Amino acid sequence: MVDSFEKIPVEIFANSKQGSKYVAAEIAKLIKQKQSNNELCVLGLATGSTPITLYAELVGLHKEENLSFKNVVTFNLDEYYPIEKDAVQSYYTFMHKHLFDHIDIYPKNIHIPNGALSKEDVKDHCAQYELMVDEAGGIDLQILGIGNNGHIGFNEPGSSRYSKTRLTNLDNNTRNANAREFDNISKVPRLALTMGISTIMKSKRILLMAWGQKANIVAKAVEDDVTEQVPASILQQHNNCTFVLDKNAATELTRFKTPWLTGEIEWTPKMIKRAVINMALKLSKPVLSLTSDDYRENSLGELLAEKGEAYEINLQVYYLLRDSITGWPGGKPDAFMPAHPERSEPYPKRCIIFSPHPDDDIISMGGTFMRLQDQGHDVNVAYQTSGNIAVTDEFVTRFIDFAVGFEDLFEMDNVKSHKILEDAKTFLTDKKSNQRDTNEIREIKGLIRRCEAKATCRYVGLKDEQIHFQNLPFYETGTIDKKPMSQEDVDITVNLLRKIQPHQIYCAGDFADPHGTHLICFNIVAAALKFCKEAGDKWINDCWLWLYKGAWQEWNIEDIEMAIPMSPEQVMKKRFGIFIHQSQKDMIPFQGTDNREFWQRAEERNASTADIYATLGLTRYAAMEAFVRWKY
């Protein structure tokens with residue numbers, strides 16, 4: 001145990017892959033131990049996006065290290081109700097797709113709640129499921145994820161700690177989170193079969209995994225009091241449970257958020273900045289108004305003892321905040337400003353904005369994008385993926401209709417476009433839920449997004465030669481699930497970097513993107529930069545990388561190293577730039593649990609950043625875009 005705040009042991013890893021490797025190694029060790037004793041190994045398994053990397057690791061251990069699953073018996077936590085086994089969204093399909101079809105487990109040893117039963121048979125089925133777990137000797141190791149509302153399995157807030165396997169209602173929060181698997185929220189089942197909390201608690205060992213945007217609920221489960229309103233907190237009462245987290249999911253734990261409360265720490269400038277900002281926001285006071293009494297009453301007396309008067313510490317933090325604000329994202333030319341976030345020289349700079357999807361540039365950093373262009377820099381935008389799955393079918397027929405009408409209008413031969421239109425109508429009319437589009441339709445959807453991206457760049461003032469469509473291969477599956485990054489993805493990026501030889505790169509650091517595309521895109525850029533550095537490319541020594549966040553979250557105020565203020569007019573100009581992406585307005589496929597449109601998310605996030613700076617005593621702006629420098 002790291003400190004008294006954490007009531008459940010926690011293991012923290014740099015990313016979900018490393019965390020999954022750790023859990024996979026635990027599972028493999030247990031399976032082998034049971035094999036050596038000629039015993040069955042009973043695993044409780046979870047579904048959802050969290051364990052996908054774990055299952056990939058287990059498949060790898062089976063194929064590359066001959067890990068056998070012949071002695072393994074599995075019990076899945078839950079299943080939607082009602083749902084057919086072979087439905088694309090069923091957990092039966094999920095488990096076979098990600099694990100069972102790729103290992104040597106005996107089919108008779110696989111147990112998943114049956115979501116296709118009549119309601120009259122459900123109660124007996126649940127009782128039988130409990131009996132089968134008991135007859136197998138109980139679960140040796142239970143794998144869990146955690147919902148945004150703290151659910152484990154489908155045990156929603158309010159579930160009794162004595163609950164057993166049963167039919168239960170799904171919380172709207174959970175249905176929203178799972179809507180990405182269905183056409184829309186209305187198609188997500190309202191009921192599910194789930195193991196109960198008491199069933200889970202009987203497991204001999206429990207590993208709960210959490211990645212990304214789960215920090216708030218993880219902290220509640222690990223550090224707050226046990227309550228059935230946060231079902232995962234009941235795991236505090238288990239004698240062999242561990243939470244396995246990535247860095248993002250651990251950020252709200254006391255040891256990271258307010259480490260000065262856990263014991264002695266080193267008071268670096270960054271730690272001082274974090275502590276003082278945390279206190280100022282908690283008290284709703286400007287930094288320069290904080291008193292010695294404020295420090296002592298908020299557990300920062302040690303900081304006063306080590307660094308001196310509150311006034312001097314306040315000034316230090318105030319200057320750090322002040323110096324992060326600039327209207328010159330490319331550096332102010334012909335000015336000596338040693339505390340400025342960016343270098344003054346060279347001017348103008350060659351810049352590349354890497355945009356994972358064809359609208360992340362304008363959504364995430366539209367104000368900065370326009371300012372770089374207006375201030376005379378050579379701005380290039382690299383659209384890393386086609387974004388073709390995030391276009392509704394209605395847009396396809398609308399744009400083919402336009403093409404046919406255009407040819408009619410100018411008396412051009414439109415036999416081929418007529419056929420494409422009729423074929424598209426026929427396919428889309430009969431298209432089943434989650435069915436992959438034809439290559440032709442995917443190409444049209446990609447074209448729609450390219451046209452919108454080009455229009456946005458022209459709106460900002462770029463020429464066509466400054467717009468680059470990379471169409472990275474990892475993305476082109478036609479489904480939400482993407483391929484891993486490949487050397488081809490990296491090579492495409494290396495070629496562009498070497499062509500432009502930038503002084504500045506802007507890249508998505510928004511790793512909470514629920515579909516993982518942003519993280520893959522960042523890893524490709526990082527791998528390309530590493531290759532160029534190791535190859536001895538000279539330009540890379542004078543190239544800085546800035547990370548922005550987008551539609552999903554914002555940087556913590558203490559981490560921001562460059563904040564670009566925006567006037568009300570600039571906010572409106574950015575909004576109109578986002579509006580150009582008409583295919584992403586109103587009904588957006590796969591937009592996650594946030595029902596706001598992207599322009600609303602961006603404006604509220606940028607306004608919130610400006611409000612926090614103002615609360616801390618800095619100038620009040622209409623909005624701010626924020627960046628963190630990545631040192632490679």
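The values are calculated or read from the model by the stated rules, or taken from the named source; none is laboratory data. Note that the coordinates shown come from a computational prediction; the quantities given were computed from them, not determined experimentally. Don't worry about glycine lacking a Cβ; one is built from the backbone with ideal geometry, like all the others, and counts go over all protein chains shown.
Taking A127, is it in the same structural domain as A87 (by TED's automatic domain parsing) and either in a loop (DSSP other than H, G, I, E, B) or surrounded by 15 or more Cβ atoms within 10 Å (Cβ to Cβ) (or both)? It is false that A127 is in the same structural domain as A87 (by TED's automatic domain parsing) and either in a loop (DSSP other than H, G, I, E, B) or surrounded by 15 or more Cβ atoms within 10 Å (Cβ to Cβ) (or both).
Quick check on I139: is it under 14 Å from L43 (Cα atoms) and in the same structural domain as A249 (by TED's automatic domain parsing)? Yes: the conditions hold for I139. Count of the range 162-196 residues, restricted to those that are more than 27 Å from the chain's Cα centre (by Cα), hydrophobic (A, V, I, L, M, F, W, C) and surrounded by fewer than 23 Cβ atoms within 10 Å (Cβ to Cβ), is 1.
Per-residue answers, yes or no, for (1) under 19 Å from E597 (Cβ atoms); (2) touching a residue at least 40 places away in the same chain (Cβ under 8 Å):
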residue: Y347; (1), (2): no, no
residue: C351; (1), (2): no, yes
residue: H357; (1), (2): yes, yes
residue: G366; (1), (2): yes, yes
residue: R371; (1), (2): no, yes
residue: H377; (1), (2): no, yes
residue: S386; (1), (2): no, yes
residue: A390; (1), (2): yes, yes
residue: T397; (1), (2): no, no
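One residue alone among R205, R180 is farther than 19 Å from P113 by Cβ and in contact with a His (Cβ under 8 Å, 6 or more places away or on another chain), and that residue is R180.
Exactly one residue out of Y92, Y106 is farther than 30 Å from N37 by Cβ and not aliphatic (A, V, I, L, M), and it is Y92. Of the residues making up the range 422-437, one or more are buried (at least 18 other Cβ atoms within 10 Å of the Cβ) and either modelled with pLDDT of 95 or more or not in a loop (DSSP other than H, G, I, E, B) (or both).
Residues that are over 25 Å from the mean Cα position of the chain (by Cα), modelled with pLDDT of 95 or more and of a type in the set (A, V, I, L, M, F, W, C) were ranked within the range 84-112; the one that is farthest from S163 (Cα to Cα) is I103. Report whether or not G376 is at pLDDT below 95, small (G, A, S) and at positive phi. Against the criterion (at pLDDT below 95, small (G, A, S) and at positive phi), G376 does not qualify.
Just one of the listed residues (D294, D334) is part of a loop (DSSP other than H, G, I, E, B) and over 30 Å from R449 (Cα atoms), namely D334.
Going by the structure shown, is F69 in a loop (DSSP other than H, G, I, E, B) and either crowded, with 21+ Cβ neighbours inside 10 Å or under 29 Å from the mean Cα position of the chain (by Cα) (or both)? Here the answer is yes, as F69 does meet what is asked.
Considering the range 255-300, and only residues there that are modelled with pLDDT of 95 or more, among the small types (G, A, S) and out of contact with any Phe, Trp or Tyr (no Cβ under 7 Å at 6 or more places or on another chain), the residue that is nearest to I8 (Cα to Cα) turns out to be A280.
Against the condition out of contact with any His (no Cβ under 7 Å at 6 or more places or on another chain) and in a loop (DSSP other than H, G, I, E, B), how does E84 come out, does it pass? So E84 passes the test. Among the residues of the range 188-210, is there at least one that is in contact (Cβ under 8 Å) with a residue 40 or more places away in the chain, assigned to a loop (DSSP other than H, G, I, E, B) and out of contact with any Asp or Glu (no Cβ under 9 Å at 6 or more places or on another chain)? Scanning the range 188-210 turns up at least one residue that is in contact (Cβ under 8 Å) with a residue 40 or more places away in the chain, assigned to a loop (DSSP other than H, G, I, E, B) and out of contact with any Asp or Glu (no Cβ under 9 Å at 6 or more places or on another chain). For T456, are the conditions met, namely being within 20 Å of T385 (Cα to Cα), hydroxyl-bearing (S, T, Y) and either assigned to a helix (DSSP H, G or I) or touching a strand residue (DSSP E or B) at 6+ places or on another chain (Cβ under 9 Å) (or both)? Taking the combined requirement at face value, the residue satisfies it. Here is the figure for the range 251-266: residues that are assigned to a loop (DSSP other than H, G, I, E, B) and either of a type in the set (K, R) or more than 28 Å from the chain's Cα centre (by Cα) (or both) total 5. Filtering the range 1-43 to residues that are closer than 29 Å to R255 by Cβ, modelled with pLDDT of 95 or more and either part of a strand (DSSP E or B) or basic (K, R) (or both) leaves K7, V10, E11, I12, F13, K21, K29. Against the numbered list (1) crowded, with 17+ Cβ neighbours inside 10 Å; (2) more than 26 Å from the chain's Cα centre (by Cα); (3) more than 27 Å from Q128 (Cβ to Cβ), K32 comes up short only at (1). Filter the range 23-33 for residues that are closer than 14 Å to G60 by Cβ and of a type outside the set (A, V, I, L, M, F, W, C) and give the result. Those that are closer than 14 Å to G60 by Cβ and of a type outside the set (A, V, I, L, M, F, W, C): none in the range 23-33. On the stretch given as the range 74-116, residues that are free of Cβ contacts under 8 Å to residues at least 24 places away in the same chain and among the aliphatic types (A, V, I, L, M) total 1.
Among residues of the range 113-122 being part of a helix (DSSP H, G or I) and within 37 Å of the chain's Cα centre (by Cα), the one that is surrounded by the fewest Cβ atoms within 10 Å (Cβ to Cβ) is K119.
Condition first: hydrophobic (A, V, I, L, M, F, W, C) and buried (at least 16 other Cβ atoms within 10 Å of the Cβ). Now tell me which residues in the range 327-367 satisfy that. Listed by number, the residues that qualify are W328, C351, I352, I353, F354, I362, I363, M365.
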